[in-house]
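In what follows, a structure is listed as structure tokens, so that the remarks can point back to it.
The values are calculated or read from the model by the stated rules, or taken from the named source; none is laboratory data. Model, not experiment: these values are computed from the prediction. Ideal geometry is used to build each Cβ from the backbone, glycine not excepted, and the neighbour counts take in all protein chains shown. When the accessible area is computed, the model is the full protein with side chains, heavy atoms only, and any ligands, DNA or RNA have been set aside. Shrake-Rupley method; radii C 1.70, N 1.55, O 1.52, S 1.80 Å.
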Amino acid sequence: MSTRTDIVYLNGEFLPMEQAKLSPMDRGFLFGDGIYEVIPSYSGQLVGFNGHMQRMQEGLTAIGIDFSAISLNWFEMVKRLIEENGRGNLGIYVHVSRGADVKRFHAFPVNIQPTVFAFAFEIPPEPVADKTKAKQFSVQTEQDTRWRHCDIKSTSLLGNVMHFQHGQEAGVDETLLYNEQQELTEASACNVFVVKAKTVITPPLDKQLLPGITRHILLDILRKHSTLTVEERAISMNEVRSADEVWLTSSSKEIVPVTKIDALPVGDGQIGDIWQQAQALFTQYKYEY
Ligand code: PDD
């Protein structure tokens, strides 16, 4: 079946992308005042739908948008978007902004309807746990210059966009970020894991990073189905640079091996065995989430 990605959802209607129109006074446009999610699906099967919806609800609550006031069956909406767009390998982008105001004023307006927008976009086929097929990522590193609410999946992404763009300009795939203590936070659009002596380590959840759904699913799978030691703790950039393996996780990529950091090899410079084990387990169990 061919994949088309031109039918979108906007405020109760399914319609072709070019017919979807928003007010320029929408606070999502003027202030980046909204929350978004990206949910992966393969041939109509969603991964982590409930976790994504729960995070969206928490994000909306954190910024004072009443989730319960939005009358929508989210699951039915997402399923229909997948059907309308050909059931391929699709990321579903879901976006809720505070809505369109009549003026530009920073304070939250009362009694406006949130804007709900969703569209489908093609993502790579399901990753396979095969070292010879996986793309190896090269990354650079930068001090994290974003705001102090990185736990909120805000549509205000300029900080992330700038870090990602610096990576593009440097000819690499992503940018790893570290705080003032030289500790790893995350990457511009992914969470980060490091492996040292068969221990899988990722930074703990706090306001410096997004509570990634892929991160959550992977930690849960590794704890339930592997004998690897798993730790959530602060990781110094020295540890990152001396790790045996480094991985990125995100909904559209699952687990990606990083083999170069700032032009230096990670470990022996090859994709690691633990990555292969982790990706195989993720592939096996991801649809349970
Ligand atoms: N990015 N950290 C940041 C800053 C992110 O933007 C993302 C996801 C993640 C991983 O979260 P999850 O596993 O829930 O996808 C971590 C999405 C895919 C994006 O902005 O396109």
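Tell me which residues, restricted to the range 92-110, are more than 16 Å from G59 (Cβ to Cβ) and surrounded by fewer than 19 Cβ atoms within 10 Å (Cβ to Cβ).
If the condition is that a residue be more than 16 Å from G59 (Cβ to Cβ) and surrounded by fewer than 19 Cβ atoms within 10 Å (Cβ to Cβ), then D101, V102, K103, R104, F105, H106, A107, P109, V110 are the ones that fit.
From D151, D130, grab the single residue that is surrounded by fewer than 20 Cβ atoms within 10 Å (Cβ to Cβ), within 15 Å of the ligand (Cβ to nearest atom), at pLDDT 95 or above and not small (G, A, S).
Details: D130 fails: within 15 Å of the ligand (Cβ to nearest atom).
Step by step, each of D151, D130 is checked, and only D151 is surrounded by fewer than 20 Cβ atoms within 10 Å (Cβ to Cβ), within 15 Å of the ligand (Cβ to nearest atom), at pLDDT 95 or above and not small (G, A, S).
Say whether the condition of being more than 16 Å from the ligand (Cβ to nearest atom), open to solvent by 30 Å² or more (accessible area, probe 1.4 Å) and in contact with an Asp or Glu (Cβ under 9 Å, 6 or more places away or on another chain) is met by at least one residue in the range 112-121. Steps first, answer last, please.
First, pick out the residues of the range 112-121 that are more than 16 Å from the ligand (Cβ to nearest atom): 112-116.
Going one step further and asking which of them are open to solvent by 30 Å² or more (accessible area, probe 1.4 Å), we end up with 112-113.
If we keep only those that are in contact with an Asp or Glu (Cβ under 9 Å, 6 or more places away or on another chain) too, we end up with 112.
Yes.
Go through the residues of the range 131-149 one by one and say whether even a single one is closer than 30 Å to I7 by Cβ and among the small types (G, A, S).
Taking the range 131-149 as the starting set, the residues that turn out to be closer than 30 Å to I7 by Cβ are 135.
Among the residues that remain, those that are also among the small types (G, A, S) are: none.
For the range 131-149, residues closer than 30 Å to I7 by Cβ and among the small types (G, A, S): absent.
For the range 3-43, enumerate the residues that are within 16 Å of the ligand (Cβ to nearest atom), closer than 25 Å to I65 by Cβ and among the β-branched types (V, I, T).
Those that are within 16 Å of the ligand (Cβ to nearest atom), closer than 25 Å to I65 by Cβ and among the β-branched types (V, I, T): I35, V38, I39.
Tell me whether the range 197-218 contains one or more residues that are open to solvent by 10 Å² or more (accessible area, probe 1.4 Å), β-branched (V, I, T) and touching a Gly at 6+ places or on another chain (Cβ under 6 Å).
Yes.
Every residue in the range 163-181 that is within 15 Å of the ligand (Cβ to nearest atom) and either in contact (Cβ under 8 Å) with a residue 24 or more places away in the chain or in a loop (DSSP other than H, G, I, E, B) (or both), please.
Selection gives H163, F164, H166, G167, D173, E174, T175, L176, L177, Y178, N179.
If R148 satisfies all but one of (1) in a loop (DSSP other than H, G, I, E, B); (2) closer than 30 Å to S236 by Cα; (3) touching a helix residue (DSSP H, G or I) at 6+ places or on another chain (Cβ under 9 Å), what's the number of the condition it fails?
Answer for R148: the failing condition is (3).
What is the residue count in the range 18-53 for residues that are assigned to a helix (DSSP H, G or I) and exposed (fewer than 14 other Cβ atoms within 10 Å of the Cβ)? Even if it seems obvious, please write down each step before you answer.
Kept after step one, since they are assigned to a helix (DSSP H, G or I), are these residues of the range 18-53: 18-19, 27-31, 49-53.
So of that shortlist, the ones also exposed (fewer than 14 other Cβ atoms within 10 Å of the Cβ) come out as 18-19, 50.
Number of matching residues: 3.
If you go through the range 70-88 one residue at a time, do you hit one that is touching an Asp or Glu at 6+ places or on another chain (Cβ under 6 Å) and buried (at least 17 other Cβ atoms within 10 Å of the Cβ)?
Going through the range 70-88, the residues touching an Asp or Glu at 6+ places or on another chain (Cβ under 6 Å) turn out to be none.
Taking every residue of the range 70-88 in turn, none turns out to be touching an Asp or Glu at 6+ places or on another chain (Cβ under 6 Å) and buried (at least 17 other Cβ atoms within 10 Å of the Cβ).
Could you give me the residue pairs with C-beta distances under 6 Å whose first residue belongs to the range 233-251 and is more than 15 Å from W275 (Cα to Cα) and open to solvent by 10 Å² or more (accessible area, probe 1.4 Å), whose second residue is within 16 Å of the ligand (Cβ to nearest atom) and polar (S, T, N, Q) wherever it lies, and which are 6+ apart or on separate chains?
S251/T214
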